[in-house]
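The values are calculated or read from the model by the stated rules, or taken from the named source; none is laboratory data. Model, not experiment: these values are computed from the prediction. In this analysis, Cβ positions are derived from the backbone assuming ideal geometry, glycine residues included, and neighbour counts consider all displayed protein chains.
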Amino acid sequence: MKILVTGANGFIAKNLCFQLEEQGFTDIVKIDRTHSIQELDSALESVDFIYHLAGVNRPKSEYEFKQGNVDLITHIVSRLQELNRQTPILLTSSIQAAQETPYGVSKALAEDSLNSYAKQSGSKVYIYRLPNVFGKWCRPNYNSVVATFCHNVVNDLPLTINDPSAKVNLVYIDTVCDHFIHHLSNDEQSGEQSIKPIYPTTVGDIATALESFKASKTSLVTENVGTGFLRALYSTYISYYSPEQFSYTVPAYTDPRGSFCELLKTKDAGQFSFFTAHPGITRGGHYHHTKNEKFLVIKGGAKFRFEHIATGECYELDVTGEDYKVVETVPGWTHDVTNIGESELVVMLWANEIFDREKPDTFAKPL
């Protein structure tokens, strides 16, 4: 399948083209402002699907709205009709197409032109009235509050917020691309298309979330960035890092036994850390009433010892870095770990709660 993408140098198009190629659609004709109308016309002769993503939303004059949003799609459909082609077209419109602003009117007229083409040619057309789209590569200080805020927070620049309670509906770029690519292998009904999930939020909430992402490098406490809106927003935020920001130092505590280093803390799923121990060194020698820990030996050899604080029952277990075995602590059992190898012992550790110095649930009882 041969695919034409207009506005190919834009935010949505760049993401879309990569995802098209990843799914095996490699015959892509990319048209942007640097190409001539003749090059566009030539492409229209042979393509099997058109993503019309080109458009104008920040013109120097209102005339550019007509030129970029109406005249271009009108030219495309006219040329296809001259060629007697029924090429499907997907158009990125805007929720503002329902408004009587110059931009909104131009988007509505573009939709009208496309719908007329569908009626006359019998071709399928897909119109997306997109809300605010966010994701990697969106240009800051242009038309996306998310892009601007991400850029500013990452670069220690102030945020300008006139109304923190101002509502905004957002859709993530990967969601947009998934919907767009879906049309290449599915035969939906022509016309306006729906898209979901859409994330309703406020300007203030976006700013608060981004500031918490920034603070996590110091506090080590991450937000719940594994699903939903926060997952998408966090991914977008870190995409604005410069290469020099790809790494950061976390606290490490070293004593004659070895080192202990905290990596990541979560608000409701515990924390991750690791520790080292020199040969012959024993660490631990305490028990918990509620806390659970999971140990994974990464390097070296370790002897884990356990003793039930009420019954005195004992248990020992030897583990090496080649075993890939998780060893758990159980409430009410004293536990320690000894480096029984000849080199440094490295152990990864997860605890199901963040360590609370005021209530540590950790009681010394050496074995």
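I'd like the full set of residues that are in contact with a strand residue (DSSP E or B) (Cβ under 7 Å, 6 or more places away or on another chain), hydrophobic (A, V, I, L, M, F, W, C) and exposed (fewer than 12 other Cβ atoms within 10 Å of the Cβ), limited to region 283-317.
none
Quick one: ASP255 ticks every box in (1) without any contact (Cβ under 8 Å) to a residue 12 or more places away in the chain; (2) closer than 30 Å to HIS151 by Cβ bar one, so which box is it?
(2)
Within region 176-215, track down each residue that is touching a residue at least 60 places away in the same chain (Cβ under 8 Å), in a helix (DSSP H, G or I) and of a type in the set (A, V, I, L, M, F, W, C).
VAL176, CYS177, PHE180, ILE181, ILE206, LEU210, PHE213 - these are the residues of region 176-215 that are touching a residue at least 60 places away in the same chain (Cβ under 8 Å), in a helix (DSSP H, G or I) and of a type in the set (A, V, I, L, M, F, W, C).
Considering only residues that are touching a residue at least 40 places away in the same chain (Cβ under 8 Å), in a strand (DSSP E or B) and out of contact with any Ser or Thr (no Cβ under 6 Å at 6 or more places or on another chain), look in region 315-344 and name the one that is farthest from HIS278 (Cα to Cα).
If we take residues in region 315-344 being touching a residue at least 40 places away in the same chain (Cβ under 8 Å), in a strand (DSSP E or B) and out of contact with any Ser or Thr (no Cβ under 6 Å at 6 or more places or on another chain), then TRP333 is farthest from HIS278 (Cα to Cα).
Return the residue satisfying two criteria in turn: it lies in region 351-367 and is assigned to a strand (DSSP E or B) and out of contact with any Asp or Glu (no Cβ under 9 Å at 6 or more places or on another chain), and of such residues it is surrounded by the fewest Cβ atoms within 10 Å (Cβ to Cβ). Reasoning before the result, please.
Of all residues in region 351-367, those assigned to a strand (DSSP E or B) come to 351, 363-364.
Adding the requirement that they be out of contact with any Asp or Glu (no Cβ under 9 Å at 6 or more places or on another chain) leaves 363-364.
Details: PHE363: 11, ALA364: 9.
Top of the filtered list is ALA364.
Determine whether GLU39 is farther than 29 Å from ASN169 by Cα, touching a strand residue (DSSP E or B) at 6+ places or on another chain (Cβ under 9 Å) and without any contact (Cβ under 8 Å) to a residue 24 or more places away in the chain.
Values: farther than 29 Å from ASN169 by Cα: yes; touching a strand residue (DSSP E or B) at 6+ places or on another chain (Cβ under 9 Å): yes; without any contact (Cβ under 8 Å) to a residue 24 or more places away in the chain: yes.
Yes, satisfied.
List every residue pair whose Cβ atoms lie under 8 Å apart, where the two residues are 6 or more positions apart in sequence or sit on different chains, the first residue falls within region 63-85 and is without any contact (Cβ under 8 Å) to a residue 12 or more places away in the chain and at positive phi, and the second residue, located anywhere, is among the β-branched types (Val, Ile, Thr) and part of a helix (DSSP H, G or I).
The qualifying pairs do not exist here.
So which residues in region 326-350 are within 23 Å of GLY258 (Cβ to Cβ), loosely packed, with under 14 Cβ neighbours inside 10 Å and of a type outside the set (A, V, I, L, M)?
Of everything in region 326-350, those that are within 23 Å of GLY258 (Cβ to Cβ), loosely packed, with under 14 Cβ neighbours inside 10 Å and of a type outside the set (A, V, I, L, M) turn out to be GLU328, GLU342, SER343.
Among (1) loosely packed, with under 13 Cβ neighbours inside 10 Å; (2) among the small types (Gly, Ala, Ser); (3) at pLDDT below 95; (4) in contact with a helix residue (DSSP H, G or I) (Cβ under 8 Å, 6 or more places away or on another chain), where does SER165 come up short?
(3)
Restricting attention to region 66-121, and to residues there that are assigned to a helix (DSSP H, G or I) and of a type in the set (D, E, K, R), which single residue is surrounded by the most Cβ atoms within 10 Å (Cβ to Cβ)?
Top of the filtered list is LYS107.
Tell me which residues, restricted to region 1-24, are under 23 Å from the mean Cα position of the chain (by Cα) and either acidic (Asp, Glu) or farther than 18 Å from TRP137 by Cα (or both).
Those that are under 23 Å from the mean Cα position of the chain (by Cα) and either acidic (Asp, Glu) or farther than 18 Å from TRP137 by Cα (or both): GLU21, GLU22, GLN23, GLY24.
So which of VAL56, VAL77, VAL70 ends up being under 26 Å from ASP187 (Cβ atoms), in contact with a helix residue (DSSP H, G or I) (Cβ under 6 Å, 6 or more places away or on another chain) and not assigned by TED's automatic domain parsing to the domain that holds ARG139? Outline the logic, then answer.
Numbers: VAL56 fails: under 26 Å from ASP187 (Cβ atoms); VAL70 fails: under 26 Å from ASP187 (Cβ atoms).
Matching residue, one of VAL56, VAL77, VAL70: VAL77.
Is it fair to say VAL154 is buried (at least 20 other Cβ atoms within 10 Å of the Cβ), touching a residue at least 60 places away in the same chain (Cβ under 8 Å) and not polar (S, T, N, Q)? Reasoning before the result, please.
Values: buried (at least 20 other Cβ atoms within 10 Å of the Cβ): no; touching a residue at least 60 places away in the same chain (Cβ under 8 Å): yes; not polar (S, T, N, Q): yes.
For VAL154, the condition - buried (at least 20 other Cβ atoms within 10 Å of the Cβ), touching a residue at least 60 places away in the same chain (Cβ under 8 Å) and not polar (S, T, N, Q) - is not met.
Would you mention how many residues in region 254-300 are under 13 Å from ALA351 (Cα atoms), of a type in the set (Val, Ile, Thr) and not in a strand (DSSP E or B)?
1
Working only within region 225-245, note down all residues that are outside any helix (DSSP H, G or I) and under 20 Å from ARG139 (Cα atoms).
As a first pass, look at region 225-245 and keep what is outside any helix (DSSP H, G or I): 225-227, 239-242.
Matches in region 225-245: SER239, TYR240, TYR241, SER242.
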